[in-house]
Amino acid sequence: MSVERRIAVVTGANKGVGLAIVRNLALEYPRSPLRSGPLLIYLTARSDERGRKAIEELQNDTQLRTAKVLAQDGGDTTLSYHSLDISQSSSIQSFAKFLKQQHHEGIDFVVNNAGAHTFGSNLLDS
Amino acid sequence: MSGKLNKYSSDIRDAFLKASTADVPAVTQLMERFKSAVAAGKEKEDGFPSAAYAVSKAGVTAATKAIALEENRRGTHVLVNACCPGYVKTDMTRGGGAKTPGQGAKTPVLLALGDIGGVSGGFWQDERQVEW
């Protein structure tokens with residue numbers, strides 16, 4: 001049986017629903033139909049500090065540790081941070097380019113969780 | 001739940017449905033129409049609710065459906081779906097909400113990992129497809 005790594009992205013994942021999605025992906029993946037090998041989840045955020053802190057939080061999460069779902073505990077899932085600001089097209093292009101370079105074969109899924117709002121002006125810079 | 005089409009005039013509702021089976025630019029055009037109507041103080045007259053958030057969510061769903069159709073036409077087998085996680089208690093709601101983040105994550109996780117029977121272009125809530 002061939003082992004195929006799965007690649008996932010969850011945007012706006014340093015807190016809120018995004019963070020919970022990453023957490024639950026790690027918990028659910030082992031018994032999901034998609035399971036074919038290890039899972040790499042990119043957690044994105046606008047701030048490197050908040051993004052990395054969120055990963056640390058997950059890596060110390062009692063439920064995740066007990067369930068042994070993270071690679072550090074012998075499980076399937078590895079977490080990685082990448083910056084992404086969905087209000088900046090340059091940020092979107094940069095992340096897309098990064099993913100294409102890292103994963104020529106493609107990726108498996110993206111959860112477009114990040115939302116942005118502004119008052120009175122156009123949101124996207126270009 | 002935000003983003004459903006029941007708050008719109010039948011004209012605008014038809015415009016959303018049409019845009020969702022056309023392409024993303026058609027959806028953008030509808031969003032621009034809303035913005036112009038708001039600028040003129042006439043959004044209600046034009047058939048929209050006076051609510052940017054709700055209209056933007058309907059726009060996201062329409063765009064999702066348009067992209068799903070596009071992928072389907074290209075034969076890529078990529079499934080594209082939209083969902084409403086529900087009213088979740090987070091910083092975004094400033095503490096208001098009926099669900100925990102873990103509960104809010106259920107439908108997105110299902111769409112990502114689960115067997116959803118090859119559905120694409122769907123609108124989901126509470127782990128099942130619902131009418132837009």
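When the helices of chain A are scored as -39500 (n - 2.57) per DSSP H run of n ≥ 4 and the total is divided over every residue, the value at 222 nm lands at -11000 deg cm²/dmol.
Summing +1 for each Lys or Arg and -1 for each Asp or Glu, what net charge is found among the other residues whose Cβ lies under 14 Å from the Cβ of B:Lys99?
Numbers: positive: B:Lys89, B:Lys106; negative: B:Asp126, B:Glu127.
Counting the neighbours of B:Lys99, the net charge comes to 0.
P(r) tail for chain A: Cα pairs beyond 26 Å make up 22% of the total. With θ taken as phi - 60° and the Karplus curve 6.51 cos²θ - 1.76 cosθ + 1.60 applied, the whole-hertz 3J(HN,Hα) list for the range B:109-125 is 5, 4, 5, 7, 9, x, 8, 9, x, x, 5, 9, x, x, 10, 10, 7 Hz, x standing for glycine and proline. Tally up the carbon and sulfur contribution to the accessible surface of the protein assembly as shown as a whole percent, 1.4 Å probe, everything protein left in place. Solvent-exposed carbon and sulfur of the protein assembly as shown make up 48 percent of the total. For the range B:31-132, the set of trypsin sites (Lys or Arg not before Pro) satisfying both a DSSP loop assignment and a count of at most 12 other C-beta atoms within 10 Å is given as B:Lys42, B:Arg94. In the Gaussian network model of chain A, springs joining C-alpha atoms below 10 Å, which of A:Leu34, A:Leu70, A:Leu84 carries the largest mean-square fluctuation? Taking springs between Cα atoms under 10 Å, the residue moving most is A:Leu34.
Annotation: amide H of A:Val111 within the under-5 Å range of A:Val9, A:Val10, A:Thr11, sequence separation 5 or more or interchain, hydrogens built in the peptide plane. Backbone geometry of the range B:16-30 corresponds, through the Karplus equation with coefficients 6.51, -1.76 and 1.60 at θ = phi - 60°, to 3J(HN,Hα) couplings of 5, 4, 5, 4, 5, 9, 9, 7, 4, x, 5, 5, 4, 4, 5 Hz, x marking Gly and Pro.
Within chain A, the longest run free of trypsin sites (Lys or Arg not before Pro) that sit in a DSSP loop with at most 15 other Cβ atoms within 10 Å is A:69-126. Normalised by residue count, the range B:12-95 yields a Cα convex hull volume of 105 Å³ per residue. Karplus-derived 3J(HN,Hα) values for the range A:58-65, using 6.51 cos²θ - 1.76 cosθ + 1.60 with θ = phi - 60°, are 5, 5, 9, 5, 4, 5, 5, 5 Hz; glycine and proline are entered as x.
From the alpha carbon centroid of the range B:14-29 to that of the range B:77-98 is 23 Å.
The GluC sites (Glu not before Pro) of the range A:35-118 meeting both criteria, a DSSP state outside H, G, I, E and B (loop) and at most 13 other C-beta atoms within 10 angstrom of the site's C-beta, are A:Glu105.
Rolling a 1.4 Å probe across all protein chains gives A:Phe95 an accessible area of roughly 10 Å².
In a fully extended conformation the segment linking A:Phe98 and A:Asn60 would gain 10.9 nm over its present Cα-Cα distance, using 0.36 nm per residue.
The Cα atoms of the range A:19-70 cover 33, 21, 16 Å along the three principal axes, with the biggest extent listed first.
Model label sites at A:Asn112 and A:Ser2, defined 7 Å from Cα along the beta-carbon direction, differ in position by 3.0 nm.
The values are calculated or read from the model by the stated rules, or taken from the named source; none is laboratory data. The structure displayed is predicted, hence computed values, not measured ones. With ideal geometry, Cβ positions are generated from the backbone for all residues, glycine too; neighbour counts draw on all protein chains shown. Keep in mind that these areas ignore ligands, DNA and RNA; they rest on the heavy atoms of the full protein, side chains included. Shrake-Rupley method; radii C 1.70, N 1.55, O 1.52, S 1.80 Å.
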